[in-house]
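Trainee: The structure under discussion is supplied below as structure tokens; questions concerning it will follow.
The values are calculated or read from the model by the stated rules, or taken from the named source; none is laboratory data. Worth saying up front: this structure is predicted, and the values here are computed from it rather than measured. So basically every Cβ, Gly included, is an ideal-geometry build from the backbone, and we count neighbours across all protein chains shown. SASA here: full protein model, heavy atoms, side chains in, ligands and nucleic acids out. Shrake-Rupley method; radii C 1.70, N 1.55, O 1.52, S 1.80 Å.
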Amino acid sequence: TLFRSVKSIIPERLTFTEKEVEIYDPEEITALLKACRSDYFRVVVQVLYMTGMRKQEAMHLKWVNVDFRRNEIRVREHRAAGSRIKDRAERTVPMPPPLKKVLLKWREVRPTALLVIGTSSDKPNWKWLQTLKRTVRVAGLNCGNCDGCNGSGDCSRWYLHKFRATYTTTLLRSMDPRSVMEITGHEDIETVMRYWKPLKRSEAARKIATISWTSSSRKRR
């Protein structure tokens, strides 16, 4: 029949298993920061962790786009330097007070640099992943169970995009998905919602403990 002949030329829809989004625990971030051998890489980790920028966005971030007065970081495309924003998602990211303190201090270290976290010669640094893996291994933070740990020694649980996933999940626990989409530069709400992970039992208990279950004041008759 016509239906069968048409069906025979239409390829079957490919299926795949969507991987669960992984994020870092606050304890892991603290341990990693303590393990950093240089102030430079410690700044790199904090920028990735507290802005959710993609690797190339952070690599090409310029001081001119860091607004200390408004506490904002402008993520912009730099085609001349080979940096293109995915989905053309140029945006403005709020700068948390802890990160502002870090960057103000770092600015004093490199007063003439154009890039915020470039190399010593003020070029984009492509070796962050290698530095991350080495820092994790030397500090004894490898999980010890993944293929990486059992093979090359580079733990598969530690990678750069996981900072962005952690940032997105953290925002989703405090604000609406539409705002998170704007801040992170994701293409759609569906993509953002993949990062909405439940709290750990201990974290949920702490948040529940802060909820006001009764009125703090009673009306007088």
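Trainee: Does Asp25 meet the test of being among the acidic types (Asp, Glu), open to solvent by 40 Å² or more (accessible area, probe 1.4 Å) and at pLDDT below 55? Give the derivation first.
Mentor: Working: among the acidic types (Asp, Glu): yes; open to solvent by 40 Å² or more (accessible area, probe 1.4 Å): yes; at pLDDT below 55: no.
Criteria not met by Asp25.
Trainee: In the stretch 93-102, how many are in contact (Cβ under 8 Å) with a residue 60 or more places away in the chain and open to solvent by 50 Å² or more (accessible area, probe 1.4 Å)?
Mentor: 1
Let's see how each residue does on (1) touching a strand residue (DSSP E or B) at 6+ places or on another chain (Cβ under 7 Å); (2) at pLDDT 95 or above; (3) open to solvent by less than 100 Å² (accessible area, probe 1.4 Å); (4) outside any helix (DSSP H, G or I):
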| residue | (1), (2), (3), (4) |
| --- | --- |
| Arg4 | no, no, no, no |
| Lys7 | no, no, no, no |
| Pro11 | no, no, no, yes |
| Phe41 | no, yes, yes, no |
| Val47 | no, yes, yes, no |
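Trainee: Only one of (1) modelled with pLDDT of 60 or more; (2) surrounded by 12 or more Cβ atoms within 10 Å (Cβ to Cβ); (3) charged (D, E, K, R) fails for Arg69. Which number is that?
Mentor: Every listed condition holds for Arg69 apart from (2).
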